[in-house]
Amino acid sequence: MCFGEILDENAIREIEKAQRDFLLYIVKLNVFVFLPWIAQWVFRNRQKRFLELRQKQEDVLIPLIKARQGLRDEGRKNKGDNSFQCCYVDSLLDLEVPDNKGGQTKKLTGKEIISLCFEFLNAGTDTTSMAV
């Protein structure tokens, strides 16, 4: 649903591990909200671990996003072929947001797309687990 492709088991497990590790670690970052100027020095290992987890998210999702972008571009070339289905990443790749520079628009960056994908995946699992 998110990437428009049937992913193999390894890709699903990598996404699951990156998501789970990030969600379990994020509760340790509350200190950065209340005392950011002190916390960055006292808890610099937490900040370093957070950046490592964020890099893991990027390492897992960037290849999937790039592959989808390639398929989407290829699908536009073959307009007669109806096998191409639009997915969430396609909408993010097409999305243009207002820029702070005089009413111009810009495309989302890779990091913004990754954040929105993980939000999408988390929202789906969070609501499902709460219902159960």
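The values are calculated or read from the model by the stated rules, or taken from the named source; none is laboratory data. Please read these numbers as outputs of a predicted model, since none were measured by experiment. Every residue, glycine among them, receives a Cβ derived from its backbone with ideal geometry; neighbour counts consider all protein chains shown.
Observations on the structure shown:
- In the stretch 108-124, the residues that are closer than 17 Å to GLY4 by Cα form no Cβ pair under 8 Å with any partner that is among the basic types (Lys, Arg), whether six or more places apart or across chains.
- In the stretch 30-53, the residues that are under 22 Å from GLN19 (Cβ atoms) form Cβ pairs under 7 Å with partners that are assigned to a helix (DSSP H, G or I) and not charged (D, E, K, R), at six or more places apart or across chains, as follows: PHE32/ALA39; ARG46/LEU29; GLN47/GLN40; ARG49/TYR25; PHE50/TYR25; PHE50/LEU29; LEU53/PHE22; LEU53/TYR25.
- Considering residues of the stretch 26-53 that are modelled with pLDDT of 90 or more and within 21 Å of ALA123 (Cβ to Cβ) only, the residue nearest to the chain's Cα centre (by Cα): LEU53
- Output for the stretch 22-41, where each listed residue is surrounded by 11 or more Cβ atoms within 10 Å (Cβ to Cβ) and over 30 Å from ALA11 (Cα atoms): VAL31, PHE32, LEU35, ILE38, ALA39, GLN40
- Residues of the stretch 42-58 that are basic (Lys, Arg) and either touching a Ser or Thr at 6+ places or on another chain (Cβ under 8 Å) or surrounded by 14 or more Cβ atoms within 10 Å (Cβ to Cβ) (or both): ARG46, ARG49, ARG54, LYS56.
- The set of residues in the stretch 4-16 being assigned to a helix (DSSP H, G or I) and in contact (Cβ under 8 Å) with a residue 24 or more places away in the chain consists of ALA11, GLU14, ILE15.
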